[in-house]
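Trainee: Take this structure, written in structure tokens, and hold onto it; I'll ask about it next.
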Amino acid sequence: MKKLVLFLFVSFVATSLFSQTLQSPEQFLGYKIGSRYTPHYKIVNYFKAVAQAVPDMVKIEKYGETNEGRELMLAYVTSASNGKQLEQIRQNNLALTGINKANAVVDGTPSIVWLSYNVHGNETSSSEAAMLTIFALVDPSNTQTKEWLKNTVVIIDPCINPDGRDRYVNWFNSVRGTTANPYPRSREHSEPWPGGRTNHYNFDLNRDWAWQSQIETRQRLVKYRQWMPQIHVDFHEQGINEPYYFAPAAEPFHEVITPWQRSFQNSIGRNHAKYFDRNGWLYFTKERFDLFYPSYGDTYPTYNGAIGMTFEQGGGPRGGLTVLTENNDTLTLTDRALHHYTTGLSTVEVASANASKLVGEFKKFFDDSRQGKGNPNKAYIITTDNRDKLNAVEDLLSKNGIEYGLMSSSVFKGMNYRTGKEEAGKLKKYHLAISTSQPQSVLARVLLEPSSNLTDSNTYDITAWSLPFAHDVDAYAVKDPVSIKNVDSIIARSPVPASSYGYLVTYQSFQGAKILAQLLNQGVKVRFAEKPFTYKEKAYDRGTLIILKNGNAANLQAILSKQAETSFATIDAIETGFMDKGPDIGSGDVRLIKAPKVALVTGEQISALGAGEIWHMFDQSLQYPLTLINATELSSIQLSDFNVVILPNGNYKGLNDRATADKLKDFVRGGGKLIAIQNAMEQMAAGDWEIKIKENKTEDKSDYGSLKKYENRERDQLPESIPGAIYKVQLDNTHPLAFGYPDTYFTLKQDATVFEFLKQGWNVGVLKKDNYVTGFAGMQVKSKLKDALVIGVQELGSGEVVYFADDPIFRSFWENGKLMLCNAVFLVGQ
């Protein structure tokens, strides 16, 4: 392979000019970057050593820990003079946004560049590059970087996902020999399930920026919002045969992205190209990686006023230390780290050269945001009768720094999200009003608008995520000015009164399911009502939880009071089992809930992301016991040890194996419950279960239908594509699976697979005509998605099979489906 020349920077070269205590990565680690993988703790130690060597230029801050206890840290790197006033720089930068209400200074203000490394743990070269980068910035012999730091603050997060990184690095080090093997099919290039890409709970942290479901994201975003950089770079890796990718990004760009943000991506890209051309390194731009979905490491900063960018190096988990590409070139970890190192420093160079313009345009972005420029709406109104649902929206808005208040008047007009029509607004019991004239106006618009204008349908990710649909709350987009007042008081949670007989707990949101899970986990006997009833002239809906004093612990009131501290669910005392209307407490329509023993099938054959969502929900939200079992052991494991077995999205060999399929059927016939999600449901439909895929009868009978242009081969697939669109599902909310829901449910559809109505079962959720809500769905897909089943229950012997065609808790931000998954676990079949 051609020798790579380091063109502008000199940090790879040993020098006697730097101070006695400052060490290069090679000197500190005892090996050259790229010759082996560096575990996370050594990366942390190196950054700390650099900070100790040059404390006037580098400040280290621990901002949190991962689920597995690894340190999350930031390094602040700048000139010695800037370092003395780092806090003043931060406060002034927030003043530029309007988050800090002080007067902002623009002239002479440093630009802020944030470099994020290793969000995907098995894309390992970037953390190695981070060590090279910080050394180059502080190396006394590198006079160019010292000039850049005079008007630039560089924030480095050397590893966003330490748990995933160490999972990969530890595995790789355990399987490699003395000499790395470049053969791409050797064991060291094929990491085992679940791989190092994801965090502890198998979440993709690069899809979590806006939703902040994971502890790593929540801790990082606190610091991000305290700094609000002008530039953010997210370093990644892709397939081993791919050239390097850098900005400018591909279409579609969200329409809120400003002309300045677009054009400056070109400026940065051209600077990178200069160095890559000089060294003969291949690259591509303007392809594949778009700026639309709001929860990436490039889009989220972009919607927060920054120049947000993804840089992608060929390599990833198949890269190892060295690998042969399809062109028979050898790609090494050294190559990969060097490329990321180059684009990182090139970004700082461009930022420094344009610091004044960056700061000025950054301020203009937020000046325009505070005036609501570019948004046809003046406010978004969210309203619901369920305080817990509103609280979930409120929490997400707060995490993202989006301001909200209350309407001063209940009279307004707006576009009703549910009907799509302009009409007089109706406030329910609770509401929030979000002004579009605020610092976070752009982000608020992207997250809240009912649909986003898609300039190019060939997109990288889902195309719909509107929070009112994801959280099942009513909403209005209001074009006329409205008066919004501050939220000046916290709604007090009602205390749990004493009772001589028992309690009723409303069950209308995920918080109700959390209470149920906690009560069952503590051994409390809980019942639920299958029919509505009235007590003391108050109506209670299906699913209401009933907890009697008789048969429960003497401290029942204290147990319920503890649950009431974290929920707005109403807990009412009752003094008799005799109801005014509807079934009495002793009726057959009131069911005792037997605490289920739940198993989640995981491991090889299973989507790590799909299984991880469920594991995380049980472990962190419900705090209810869950046993993870390997899919490869389905044929041998004793299923009778469990009441519920969850089959997440995956490609199950066992469902195609007669013996294993019969074993699962015997489990259900014997009183067990099987919950099949996405492809698990599809595979069962191919077997002899009750469920069947609905076939589309239409086809192109024209002789010209097969005449296609080669250059359009990707776009020719778009009519059959649905990367993620919202559809309205009609619910049978008299079935326990849909307790707590109205008669509709919003689902996020990501494929065109739908199913025939069950002839021997319950069609709980169905797609009828005119069910499309928002997001891209190809014309052929739209024709298929009607008159079909997406949620159902099949009774088999003494047990049930619950079917979900779509992921009900997608990326843990689809709040609307969490209660239904809990219903499947706790209520169905009781």
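The values are calculated or read from the model by the stated rules, or taken from the named source; none is laboratory data. The structure displayed is predicted, hence computed values, not measured ones. All Cβ positions, even for glycine, are placed from backbone atoms using ideal geometry, and neighbour counts span all protein chains on display. The protein model used for the area step is the full one, side chains on, heavy atoms only, and it has no ligands, DNA or RNA in it. Shrake-Rupley method; radii C 1.70, N 1.55, O 1.52, S 1.80 Å.
Trainee: For the range 782-830, how many residues are open to solvent by 30 Å² or more (accessible area, probe 1.4 Å) and part of a helix (DSSP H, G or I)?
Mentor: 5
Trainee: A further question follows. How many residues, within the range 737-767, are in contact with a Gly (Cβ under 7 Å, 6 or more places away or on another chain), of a type outside the set (A, V, I, L, M, F, W, C) and open to solvent by 10 Å² or more (accessible area, probe 1.4 Å)?
Mentor: Within the range 737-767, residues that are in contact with a Gly (Cβ under 7 Å, 6 or more places away or on another chain), of a type outside the set (A, V, I, L, M, F, W, C) and open to solvent by 10 Å² or more (accessible area, probe 1.4 Å) number 4.
Trainee: Something else about it: Kindly indicate whether any position in the range 567-578 is under 28 Å from Lys673 (Cβ atoms), among the hydroxyl-bearing types (Ser, Thr, Tyr) and in contact with a Leu (Cβ under 7 Å, 6 or more places away or on another chain).
Mentor: No, the conditions are met nowhere in the range 567-578.
Trainee: What are the residues in the range 235-254 that are within 22 Å of the chain's Cα centre (by Cα) and under 21 Å from Ser452 (Cβ atoms), if any?
Mentor: Those that are within 22 Å of the chain's Cα centre (by Cα) and under 21 Å from Ser452 (Cβ atoms): Ala249, Ala250, Glu251, Pro252, Phe253, His254.
Trainee: Taking Tyr283 as the residue in question, decide whether it is open to solvent by 10 Å² or more (accessible area, probe 1.4 Å), among the hydroxyl-bearing types (Ser, Thr, Tyr) and in contact with a Pro (Cβ under 8 Å, 6 or more places away or on another chain).
Mentor: So Tyr283 fits the description; yes.
Okay, residues lined up against (1) assigned to a loop (DSSP other than H, G, I, E, B); (2) out of contact with any strand residue (DSSP E or B) (no Cβ under 9 Å at 6 or more places or on another chain); (3) at pLDDT 90 or above; (4) not acidic (Asp, Glu):
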residue	(1), (2), (3), (4)
Tyr624	yes, no, yes, yes
Ser636	yes, yes, yes, yes
Ile646	no, no, yes, yes
Leu664	no, no, yes, yes
Asp688	yes, yes, no, no
Glu695	yes, yes, no, no
Tyr704	no, yes, no, yes
Gln717	no, yes, no, yes
Ile726	no, no, yes, yes
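Trainee: Follow-up question, since we're still on this one. Take the residues in the range 563-593 that are within 37 Å of the chain's Cα centre (by Cα) and surrounded by fewer than 13 Cβ atoms within 10 Å (Cβ to Cβ), then tell me which one is farthest from Val526 (Cα to Cα).
Mentor: Filtering the range 563-593 for residues that are within 37 Å of the chain's Cα centre (by Cα) and surrounded by fewer than 13 Cβ atoms within 10 Å (Cβ to Cβ), the one farthest from Val526 (Cα to Cα) comes out as Glu565.
Trainee: Right, next: For residues that are among the charged types (D, E, K, R) and at pLDDT below 95, scanning just the range 443-479, find the one that is surrounded by the most Cβ atoms within 10 Å (Cβ to Cβ).
Mentor: Glu449
Trainee: So, one more: Restricting attention to the range 602-643, which residues are among the β-branched types (Val, Ile, Thr), in contact with a Gly (Cβ under 9 Å, 6 or more places away or on another chain) and surrounded by fewer than 22 Cβ atoms within 10 Å (Cβ to Cβ)?
Mentor: Passing the criteria: Ile629, Thr632.
Trainee: Of everything in the range 136-180, what is of a type in the set (S, T, N, Q), open to solvent by 50 Å² or more (accessible area, probe 1.4 Å), more than 30 Å from Lys357 (Cα to Cα) and touching a residue at least 40 places away in the same chain (Cβ under 8 Å)? Give them in sequence order.
Mentor: Of everything in the range 136-180, those that are of a type in the set (S, T, N, Q), open to solvent by 50 Å² or more (accessible area, probe 1.4 Å), more than 30 Å from Lys357 (Cα to Cα) and touching a residue at least 40 places away in the same chain (Cβ under 8 Å) turn out to be Asn170, Asn173.
Trainee: Enumerate the pairs (first residue in the range 680-691 and of a type in the set (Gly, Ala, Ser); second residue anywhere and assigned to a helix (DSSP H, G or I)) with beta-carbon separation below 6 Å, excluding pairs fewer than 6 apart on the same chain, so at least 6 apart or on different chains.
Mentor: Taking only residues 6 or more apart or on different chains, the pairs are Gly687/Ala661.
Trainee: Another question about this same structure. Please work out if Asn733 is touching a residue at least 12 places away in the same chain (Cβ under 8 Å), of a type outside the set (Ser, Thr, Tyr), open to solvent by 20 Å² or more (accessible area, probe 1.4 Å) and touching an Asp or Glu at 6+ places or on another chain (Cβ under 8 Å).
Mentor: yes
Trainee: Take Thr322 and decide whether it is at pLDDT 95 or above and surrounded by fewer than 22 Cβ atoms within 10 Å (Cβ to Cβ).
Mentor: Considered against the rule, which asks whether it is at pLDDT 95 or above and surrounded by fewer than 22 Cβ atoms within 10 Å (Cβ to Cβ), Thr322 comes out as yes.
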